[in-house]
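The values are calculated or read from the model by the stated rules, or taken from the named source; none is laboratory data. Treat the numbers as computed from the prediction; the structure is a model and nothing was measured. Positions of Cβ are backbone-derived with ideal geometry, glycine not excepted, and every protein chain shown enters the neighbour counts.
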Amino acid sequence: MKKLKYSVVIIIAFLLFTSGLVNHEYYVSVTKIEYVKKEKSLQIISQIFIDDFEKLIHERYDESVTLAVKNESKKIDGYMEKYLKYKLDFKVNTQDLDFNFLGKEYKEDIVYCYLEIENIEAIKTLEIKNEVLFDIYPKQQNILRTKINGKDKSFILIPQNNKAVLNFD
């Protein structure tokens, strides 16, 4: 009888522990930023989970759209561009610069948004503010991976620390 009670307690503890792991959700995006000196441009790829971006678009802009479907609404690119311009800021050499939204593509469960900032002669300082999805997920983490002037750096931004500053002097 003691063994049976012990076994039941172990099974219940195991089920409670593993069910907590299954329900735990992570909210992460990855933004890769590379300076291509030959083209004098910052090339940016922002990777966001499709379901998270879709939830955001539903809450902010349009509940009727669905991402990553064959006949996707033409409005989606506009919504994505508008949101990213609101949540991503770039300063090069202390000057605010706007990016061009080049487009997007879907791979598995991620949307890849392609951005570019042109006409950059040289980078001495780069300041990046990334607040993507902070407004709907308080535990969102935005990973930045940069390759500037031959140097690779990475940062994790959270709502309380949403900015990274790099110096290349």
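The table for this structure:
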{"item": "Condition met for Asn71 (more than 19 Å from Leu157 (Cβ to Cβ), in contact (Cβ under 8 Å) with a residue 24 or more places away in the chain and more than 19 Å from the chain's Cα centre (by Cα))", "result": "no"}
{"item": "Residue satisfying all of: in segment 60-72; of a type outside the set (Val, Ile, Thr) and out of contact with any helix residue (DSSP H, G or I) (no Cβ under 9 Å at 6 or more places or on another chain); nearest to Tyr137 (Cα to Cα) among these", "result": "Glu72"}
{"item": "Extreme residue, surrounded by the fewest Cβ atoms within 10 Å (Cβ to Cβ), among residues of segment 43-59 that are more than 18 Å from Gln141 (Cα to Cα) and in contact (Cβ under 8 Å) with a residue 24 or more places away in the chain", "result": "Glu59"}
{"item": "Top-ranked residue in segment 60-76 [being surrounded by 14 or more Cβ atoms within 10 Å (Cβ to Cβ) and among the aliphatic types (A, V, I, L, M); ranked as nearest to Gly103 (Cα to Cα)]", "result": "Ile76"}
{"item": "Members of segment 146-169 that are assigned to a loop (DSSP other than H, G, I, E, B), touching a strand residue (DSSP E or B) at 6+ places or on another chain (Cβ under 7 Å) and modelled with pLDDT under 95", "result": "Asn149, Phe168"}
{"item": "Matching residues in segment 13-36 - criterion: being at pLDDT 95 or above and either of a type in the set (Phe, Trp, Tyr) or assigned to a helix (DSSP H, G or I) (or both)", "result": "Tyr35"}
{"item": "Residue list for segment 101-135, restricted to those being loosely packed, with under 15 Cβ neighbours inside 10 Å and in a loop (DSSP other than H, G, I, E, B)", "result": "Glu108, Asp109, Glu118, Asn119, Glu121, Ala122, Lys124"}
{"item": "Close pairs from segment 154-169: first without any contact (Cβ under 8 Å) to a residue 40 or more places away in the chain, partner part of a strand (DSSP E or B) and basic (Lys, Arg), Cβ under 6 Å, at least 6 apart", "result": "Ser154/Arg145; Asn162/Lys129; Lys163/Lys129"}
{"item": "Selected residue [more than 19 Å from the chain's Cα centre (by Cα), closer than 17 Å to Thr31 by Cα and modelled with pLDDT of 95 or more] from Val92, Val132, Val111", "result": "Val92"}
{"item": "Qualifying positions in segment 126-169 - over 20 Å from Glu59 (Cβ atoms) and among the basic types (Lys, Arg)", "result": "Lys129, Arg145, Lys147, Lys151, Lys153, Lys163"}
